[in-house]
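Peer 1: What follows is a single structure, and I will ask about it in a moment.
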Amino acid sequence: MKHILVIGATGQIGSELTMELRKRYGNSNVVAGYISGAEPQGELKESGPSAIVDVTNGAMIEAVVKEYQIDAIYNLAALLSVVAESKPMLAWKIGIDGLWNVLEVAREHQCAVFTPSSIGSFGESTPHVQTPQDTIQRPRTMYGISKVTTELLSDYYYNKYGVDTRSVRFPGIISNVTPPGGGTTDYAVDIYYSAVKGEKFVCPIAKGTFMDMMYMPDALNGAISLMEADPSRLVHRNAFNIASMSFDPEMICKAIQIHVPSFEMTYEVDPLKQRIANSWPDSLDDTCAREEWDWNPAFNLNTMTVDMLEKLSAKLK
Ligand SMILES: NC(=O)c1ccc[n+]([C@@H]2O[C@H](COP(=O)([O-])OP(=O)(O)OC[C@H]3O[C@@H](n4cnc5c(N)ncnc54)[C@H](O)[C@@H]3O)[C@@H](O)[C@H]2O)c1
């Protein structure tokens, strides 16, 4: 990876991934792709090149790939789970027609491609505890359907055309930088903002609902490590289970109360979010990622909580 394009660079993951890639590969070698209305701001804008890249427009992707001699694309364009349920056709257009455009450009111009899948690619009939790498994937949400298709289409381009596609199934990502974009796990970010602001948190997910989560530094490291991994060791491609922690709302609340004893939480369950959460795994088995490219996360719930509270307190001061 010498010249990298991040599509969806101003989203929750993209905004931090772009900065991390610039740190590792040089500012001028990482292009922040964005769409009109979601322009880069501040350090993201100042620190390196940026370009309008709409995934639904293949010619636009190709022009940027040619101009910057791109050899690796991180394709993060998507509608997240809750938003996708209200706009299913648009979710498909961005997630799948968009991916098709990216893969075609990658085939023509020999680019490696990373397009994240998700814990949302599983469904009710999947084993929910220690969900295996290779198992039943029959989701009923448009988000999940588009993620399973992402995995299959990415593998198809690798097997048929040799395009170097690789991916992970991200759990819910927790970060103190860019707010999440409308997913089922957003509560696990919002709860920290409430704690730091001294507000009571109203949780939209029911007590006892376990989901896999991950702190942003581990998510970034996972994506980049996989793209740098020795291809001869990869048995799987799209997409690897990766895991670092699994908790329910009570556990994250208690982890926060250790540091903010006055923090309080009540429940007002959102039926759509709860339905989606119920269909997702409680925890993932990430043995294949550990064996094939040495996946090894650094943060657990407690160390993440300390860091989140510290960073958000400084930010919101
Ligand atoms: N955040 C999470 O917890 C999480 C968990 C699992 C998987 N993922 C996956 O990671 C990827 C990034 O997620 P995120 O949380 O940063 O999402 P986000 O909603 O914060 O960002 C998505 C980005 O896509 C951009 N976008 C929308 N339409 C586009 C188009 N037509 N062309 C180009 N860009 C377009 C948006 O402007 C935004 O910058 C997605 O594929 C998502 O499904 C995220």
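Peer 1: Identify, please: which residue in the stretch 93-145 is of a type in the set (S, T, Y) and over 30 Å from V30 (Cβ atoms) and is, among those, most open to solvent (accessible area, probe 1.4 Å)? Outline the logic, then answer.
Peer 2: To start, the set of residues in the stretch 93-145 that are of a type in the set (S, T, Y) comprises 115, 117-118, 121, 125-126, 131, 135, 141, 143.
Remaining after also requiring over 30 Å from V30 (Cβ atoms): 125-126, 131, 135, 141.
Numbers: S125: 64, T126: 5, T131: 0, T135: 41, T141: 9 Å².
Filtering the stretch 93-145 for residues that are of a type in the set (S, T, Y) and over 30 Å from V30 (Cβ atoms), the one most open to solvent (accessible area, probe 1.4 Å) comes out as S125.
The rows are residues; the columns are (1) assigned by TED's automatic domain parsing to the domain that holds E20; (2) under 16 Å from T287 (Cα atoms).
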| site | (1), (2) |
| --- | --- |
| G198 | no, no |
| L220 | yes, no |
| L226 | yes, yes |
| H236 | yes, yes |
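Peer 1: If the requirement is being away from the ligand (no atom under 14 Å from the Cβ) and either touching a Leu at 6+ places or on another chain (Cβ under 9 Å) or under 30 Å from Y187 (Cβ atoms) (or both), which of these qualifies: P139, P132? If you could, list the steps in order and put the result at the bottom.
Peer 2: Numbers: P139 fails: away from the ligand (no atom under 14 Å from the Cβ).
Being away from the ligand (no atom under 14 Å from the Cβ) and either touching a Leu at 6+ places or on another chain (Cβ under 9 Å) or under 30 Å from Y187 (Cβ atoms) (or both) holds for just one of P139, P132, which is P132.
Table: residues versus (1) under 22 Å from A219 (Cβ atoms); (2) of a type outside the set (S, T, N, Q); (3) out of contact with any Ser or Thr (no Cβ under 6 Å at 6 or more places or on another chain).
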| position | (1), (2), (3) |
| --- | --- |
| P88 | no, yes, yes |
| H109 | no, yes, yes |
| A112 | yes, yes, yes |
| S117 | yes, no, no |
| T126 | yes, no, no |
| T131 | yes, no, yes |
| R138 | no, yes, no |
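Peer 1: Looking only at the stretch 153-164, decide whether some residue is under 27 Å from M89 (Cα atoms) and among the acidic types (D, E).
Peer 2: There is at least one residue in the stretch 153-164 that is under 27 Å from M89 (Cα atoms) and among the acidic types (D, E).
Peer 1: Evaluate the following for V113: is it within 13 Å of the ligand (Cβ to nearest atom), assigned by TED's automatic domain parsing to the domain that holds A223, among the hydrophobic types (A, V, I, L, M, F, W, C) and part of a helix (DSSP H, G or I)? Please lay out each step first, then the result.
Peer 2: Working: within 13 Å of the ligand (Cβ to nearest atom): yes; assigned by TED's automatic domain parsing to the domain that holds A223: yes; among the hydrophobic types (A, V, I, L, M, F, W, C): yes; part of a helix (DSSP H, G or I): no.
Considered against the rule, which asks whether it is within 13 Å of the ligand (Cβ to nearest atom), assigned by TED's automatic domain parsing to the domain that holds A223, among the hydrophobic types (A, V, I, L, M, F, W, C) and part of a helix (DSSP H, G or I), V113 comes out as no.
Peer 1: Let me ask something else about it. When you scan the stretch 1-67 for helices (runs of 4 or more DSSP H) that lie fully inside it, which ones turn up with 2 or more residues that are basic (K, R) and more than 9 Å from the ligand (Cβ to nearest atom)?
Peer 2: Where helices (runs of 4 or more DSSP H) fall fully within the stretch 1-67 and carry at least 2 residues being basic (K, R) and more than 9 Å from the ligand (Cβ to nearest atom), they are 12-25.
Peer 1: Yes or no: S47 farther than 15 Å from G11 by Cβ and either in contact with a strand residue (DSSP E or B) (Cβ under 6 Å, 6 or more places away or on another chain) or among the hydroxyl-bearing types (S, T, Y) (or both)?
Peer 2: Working: farther than 15 Å from G11 by Cβ: yes; either in contact with a strand residue (DSSP E or B) (Cβ under 6 Å, 6 or more places away or on another chain) or among the hydroxyl-bearing types (S, T, Y) (or both): yes.
The answer is yes for S47.
Peer 1: For the stretch 174-197, does any single residue satisfy the condition of being in a loop (DSSP other than H, G, I, E, B), closer than 29 Å to L226 by Cβ and away from the ligand (no atom under 12 Å from the Cβ)? Show your work before the answer.
Peer 2: Taking the stretch 174-197 and keeping what is in a loop (DSSP other than H, G, I, E, B), we get 175-186.
Subset that is closer than 29 Å to L226 by Cβ: 175-186.
Still in the list and also away from the ligand (no atom under 12 Å from the Cβ): 176.
Yes: the stretch 174-197 contains one or more residues that are in a loop (DSSP other than H, G, I, E, B), closer than 29 Å to L226 by Cβ and away from the ligand (no atom under 12 Å from the Cβ).
Peer 1: Being open to solvent by 50 Å² or more (accessible area, probe 1.4 Å), within 16 Å of the ligand (Cβ to nearest atom) and within 28 Å of I276 (Cα to Cα) is the requirement here; does K87 meet it? Working first, answer last.
Peer 2: Values: open to solvent by 50 Å² or more (accessible area, probe 1.4 Å): yes; within 16 Å of the ligand (Cβ to nearest atom): yes; within 28 Å of I276 (Cα to Cα): yes.
Answer is yes for this residue.
Peer 1: Then there's this: List, please: which pairs have Cβ atoms under 6 Å, are six or more places apart or on different chains, and start with a residue in the stretch 57-82 that is farther than 30 Å from L272 by Cβ and end with one that is open to solvent by 40 Å² or more (accessible area, probe 1.4 Å) and at pLDDT below 95?
Peer 2: Taking only residues 6 or more apart or on different chains, the pairs are D71/K2; A72/M1.
Peer 1: Is the stretch 236-243 home to any residue that is over 30 Å from Y25 (Cβ atoms), of a type outside the set (K, R) and surrounded by 18 or more Cβ atoms within 10 Å (Cβ to Cβ)?
Peer 2: Let us first name the residues in the stretch 236-243 that are over 30 Å from Y25 (Cβ atoms), namely none.
The answer is no, given that none of the residues of the stretch 236-243 is over 30 Å from Y25 (Cβ atoms), of a type outside the set (K, R) and surrounded by 18 or more Cβ atoms within 10 Å (Cβ to Cβ).
Peer 1: Quick check: anything in the stretch 34-43 open to solvent by 20 Å² or more (accessible area, probe 1.4 Å) and in contact with a His (Cβ under 8 Å, 6 or more places away or on another chain)? Break it down stepwise before answering.
Peer 2: In the first step, residues of the stretch 34-43 are kept if they are open to solvent by 20 Å² or more (accessible area, probe 1.4 Å); the result is 34-39, 41-43.
Of the ones still in play, those that are also in contact with a His (Cβ under 8 Å, 6 or more places away or on another chain) are none.
Within the stretch 34-43, not a single residue is open to solvent by 20 Å² or more (accessible area, probe 1.4 Å) and in contact with a His (Cβ under 8 Å, 6 or more places away or on another chain).
Peer 1: Considering the stretch 187-216 alone, what residues qualify as being without any contact (Cβ under 8 Å) to a residue 24 or more places away in the chain and among the hydrophobic types (A, V, I, L, M, F, W, C)?
Peer 2: V189
The values are calculated or read from the model by the stated rules, or taken from the named source; none is laboratory data. Only a predicted model underlies this, so the values are computations on that prediction, with no experimental measurement involved. Neighbour counts are summed over all protein chains in view; Cβ atoms, including those assigned to glycine, are modelled from backbone coordinates with ideal geometry. Each accessible area value is taken on the protein alone, full model and side chains, heavy atoms only, with ligands, DNA and RNA left out. Shrake-Rupley method; radii C 1.70, N 1.55, O 1.52, S 1.80 Å.
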